[in-house]
Amino acid sequence: MSKRVAGPEIERLIQLLAKVPGLGPRSARRAALHLIKKKEQLLGPLADAMAEAVQKVRVCSTCGNVDTVDPCSVCSDQRRDGSVIMVVEDVADLWALERASAMNARYHVLGGTLSPLDGIGPDQLNIKGLITRIAEGGVKEVILAVNATVEGQTTAHYLTDQLSGFDVKVTRLAHGVPVGGELDYLDEGTLAAALKSRTAF
Ligand code: ZN
């Protein structure tokens, strides 16, 4: 047992910070100490921002994105192309695709991937909502922007089956050589996928 160096309030702060992805116990202690030292400039405003987020954050009833308004800012943005829906596993993927700013489409957040071993079936994911959106019409293309993992691809196959009855083009992200990547450093699976999905130059 290590000796306690701070009161229970600070210990609690450290324990909670240690649960944040990317922060282990050591980084959590450093972060807590930094916050405490910057009480006025950082700790107070952070506590206020968190309290406000707790009050206002909600899940978009259309696409599953998180925002402070429902429908979310993406769904209510009239400048976006409503005929294309990018299906993603998680909100983090939506943010990543937005950073790439390659498409000005709408999204649908599944909230995970099919994983029978973990008890995650179609009903545990936001799939019914996607089918409803497609059934309402106006969507021409569904881009399955899921991870290139076994679960991601299983989910993509399932969704392709579910969407086969609709007049909608179903596409997926290309698998292959990353931008700036060197062939010699790629694994065989990635190289094989890159060859299979080669495109005309
Ligand atoms: Zn939305």
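The values are calculated or read from the model by the stated rules, or taken from the named source; none is laboratory data. Not measured: the values here are computed from a predicted model. Please note: Cβ atoms are built from the backbone with ideal geometry, for glycine as well, and neighbour counts cover all protein chains shown. All accessible areas refer to the heavy atoms of the entire protein, side chains included, with ligands and DNA or RNA removed. Shrake-Rupley method; radii C 1.70, N 1.55, O 1.52, S 1.80 Å.
Looking at LYS196, LYS169, LYS140 in this structure, which one is open to solvent by 80 Å² or more (accessible area, probe 1.4 Å), basic (Lys, Arg), within 25 Å of VAL74 (Cβ to Cβ) and out of contact with any Ser or Thr (no Cβ under 8 Å at 6 or more places or on another chain)? Write out each step before concluding.
Working: LYS196 fails: within 25 Å of VAL74 (Cβ to Cβ); LYS140 fails: out of contact with any Ser or Thr (no Cβ under 8 Å at 6 or more places or on another chain).
Answer to the check: LYS169.
Out of GLY64, GLY82, GLY44, report the one residue that is in contact (Cβ under 8 Å) with a residue 60 or more places away in the chain and open to solvent by less than 40 Å² (accessible area, probe 1.4 Å). Walk me through it before giving the result.
Values: GLY82 fails: in contact (Cβ under 8 Å) with a residue 60 or more places away in the chain; GLY44 fails: in contact (Cβ under 8 Å) with a residue 60 or more places away in the chain.
None of the other options fit; the residue is GLY64.
I need the full set of residues from the range 172-190 which are surrounded by 14 or more Cβ atoms within 10 Å (Cβ to Cβ), in contact (Cβ under 8 Å) with a residue 12 or more places away in the chain and among the aliphatic types (A, V, I, L, M), in order please. Write out each step before concluding.
So in the range 172-190, the residues surrounded by 14 or more Cβ atoms within 10 Å (Cβ to Cβ) come out as 172-173, 175-177, 186, 190.
Remaining after also requiring in contact (Cβ under 8 Å) with a residue 12 or more places away in the chain: 172-173, 175-177, 190.
Within the range 172-190, LEU173, VAL177 meet the criteria.
Which count do you get for residues in the range 114-137 that are closer than 19 Å to VAL59 by Cα and open to solvent by less than 20 Å² (accessible area, probe 1.4 Å)?
The total comes to 3.
Does ALA102 satisfy the condition of being out of contact with any Pro (no Cβ under 6 Å at 6 or more places or on another chain), within 24 Å of GLN78 (Cα to Cα) and among the small types (Gly, Ala, Ser)? I'd like the intermediate steps shown before the answer.
Working: out of contact with any Pro (no Cβ under 6 Å at 6 or more places or on another chain): yes; within 24 Å of GLN78 (Cα to Cα): yes; among the small types (Gly, Ala, Ser): yes.
Considered against the rule, which asks whether it is out of contact with any Pro (no Cβ under 6 Å at 6 or more places or on another chain), within 24 Å of GLN78 (Cα to Cα) and among the small types (Gly, Ala, Ser), ALA102 comes out as yes.
Considering (1) in contact with a strand residue (DSSP E or B) (Cβ under 7 Å, 6 or more places away or on another chain); (2) within 9 Å of the ligand (Cβ to nearest atom); (3) more than 28 Å from ALA148 (Cα to Cα), say which one GLY64 fails and leave the rest.
The single condition GLY64 does not satisfy is (3).
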